[in-house]
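Student: Mind having a look at this structure? Questions to follow.
The values are calculated or read from the model by the stated rules, or taken from the named source; none is laboratory data. Remember, it's a predicted structure, so these values are computed and weren't measured experimentally. Because the Cβ atoms are built from the backbone with ideal geometry, glycine has one as well, and the counts that use them run over all protein chains shown.
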């Protein structure tokens, strides 16, 4: 029949899931599916990191030890920077998640996370605070507090900024889980036809 376009389940889910029209014929390739599975895997890694920040069992097992705490913070800051921040340049967002989801027209799923990252904290943003701490305290330079830019050095001495940081980490935890659930739903619905 002329003028009829066949849609697979992934297309239908993409159309209905976002409540607006997506380009017809948008099917996920096997490579896209594998990359989305990697995003889901890394969301789980972030969930694990968020969960461990307030685990009393780990505290009893020595997580109050400064070495263990620094190791845990290093891992989390590096993971956050890699997945959400690096190589932003002039793009709306940086990181692995954006690099995977934007080309397959799923970048809008990152909007809640981007809003959190771009939230102001003191004289900087939440994302820049994470990036500064990751870069200057765990990866580059002399790894000292003094190597931080002044706007990030000021935050630990500003009670309101510290509370904002804690609140934004909690919001980020929720939105990472939401992203994971949405991507799992897309893959589940799209693969049930196979």
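Student: Can you pull out every residue in the range 105-119 that is more than 24 Å from residue 35 (Cα to Cα) and without any contact (Cβ under 8 Å) to a residue 40 or more places away in the chain?
Tutor: Scanning the range 105-119 gives a single hit, 118.
Student: State yes or no: is residue 65 surrounded by fewer than 19 Cβ atoms within 10 Å (Cβ to Cβ) and at pLDDT 85 or above?
Tutor: no
Student: Pairs only if they're at least six apart or on different chains, beta carbon under 6 angstrom, first in the range 16-40 and on the phi < 0 side of the Ramachandran plot and part of a loop (DSSP other than H, G, I, E, B), second surrounded by 13 or more Cβ atoms within 10 Å (Cβ to Cβ) and modelled with pLDDT under 50; list them, first residue then second.
Tutor: What qualifies is 22/14; 22/15; 26/11; 26/14; 27/8; 27/10; 28/10.
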